[in-house]
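Notes follow once the structure below has been shown.
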Amino acid sequence: MRPQGVVTRGTTNPNRLRRVDNWIVRTCGELLRDAADPLVVDLGYGATPVTAVELRARLAARVRPDVRLVGLEIDPARVAAAAPVADPPGLTFARGGFELAGLRPALVRAFNVLRQYDESEVPAAWATVTDRLAPGGVLVEGTCDELGRLGSWVLLDATGPRTLTLAAKLTTLTSPAELAERLPKALIHRNVPGERIHDLIRALDDAWHAAAGYAPFGPRDRWTRTVTAVKESGWPIQGRPHHWRHGTLTLPWPAVTPTP
């Protein structure tokens, strides 16, 4: 089966994807625990396999010890370079793209893969992956900065996108407006007046500055107050304050669906 997609830049760093990994553990852990086959695919893991190794370790320690992770890359040189850290059957590497090399995983993580694609190519890429998931499986697709301090991701299943999550390292966050630079490809060009994602980023930024009085209590308190205010203004943010203190917020995809 010929891999579908193009070779990405491959930039990666240790712990770059820690925020999304922790979110996957919290949000998708039950799905993996109930799966008949706890197969996870790390799609487009990059020039080094470090983030694939980290994801497998986190899932094995906190969700299910028998989880199997397959790292897929289009570039055969990257697959060969990852071979020394493989630990079958729990961690293996293979050549593949959006077609998932014929696998039927319960969960796929695809990070910083679609960033170099055109926005018009995103729906087809999403559909190609979700059509190949195991029944009830999910795709987590998103992007982050080089150190993983800012990021965002979409959770999808066979019916399409379900939620959007924004995430930040609160101790280095100057303003929620910084998140606009790390929106998923489906939204990054939509941060303009008239689009819901623009309205959300602006609401967060306004609430952050209004919550400046909470700054002496620490960035977690300020962020929690920010998210609370935005939710009280009508945005359907999910979860409770103890979830938001991790520096994330999640809301249903229809709340930010781009204008056709």
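So the values come out like this:
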read-out	value
Per residue, in Å², the accessible surface of the chain once ligands and nucleic acids are set aside, probe 1.4 Å	44 Å²
Region 7-82, accessible surface, carbon-and-sulfur percent (1.4 angstrom probe)	54 percent
DSSP bridge orientation in the chain - percent antiparallel, rounded to nearest 5	50 percent
Cβ charges +1 (Lys, Arg) and -1 (Asp, Glu), total dipole of the chain, debye	600 debye
Solvent accessible area, Å² - HIS246, 1.4 Å probe, full protein context	90 Å²
Shape category assigned to region 1-47 from the gyration tensor of Cα positions, a/c cut at 1.5	oblate
Estimated dipole of region 96-220 in Debye, rounded to 20 [Cβ of Lys and Arg +1, of Asp and Glu -1, Cα centre]	380 debye
Three-way shape label, region 1-95, alpha-carbon gyration tensor, a/c 1.5	prolate
Leading residue at positive end of dipole, the chain (Cβ point charges), from VAL192, GLY102, VAL227	VAL227
Cα gyration tensor, region 62-139 - rounded (a/c under 1.5), prolate or oblate	oblate
Helix-only CD estimate at 222 nm, as mean residue ellipticity for the chain, using -39500 (n - 2.57) per DSSP H run (n ≥ 4)	-9500 deg cm²/dmol
Helix 196-210 axis, angle to the chain major axis (alpha carbon atoms, nearest 10°)	50 degrees
Largest-first principal axis extents of the Cα set of the chain (Å)	53, 39, 32
Total charge dipole magnitude, region 1-142, about the Cα centre, Cβ charges on Lys, Arg, Asp, Glu only, Debye to nearest 20	400 debye
Radius 12 Å from Cβ of PRO88, net charge of other residues (Lys, Arg +1; Asp, Glu -1)	+1
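The values are calculated or read from the model by the stated rules, or taken from the named source; none is laboratory data. Bear in mind that the values here come from a model prediction, so they are computed numbers and not experimental data. Note that we place each Cβ from the backbone using ideal geometry, even for glycine, and neighbour counts take in every protein chain shown. Remember, those area values only see protein heavy atoms, side chains included, never the ligands or the DNA or RNA. Shrake-Rupley method; radii C 1.70, N 1.55, O 1.52, S 1.80 Å.
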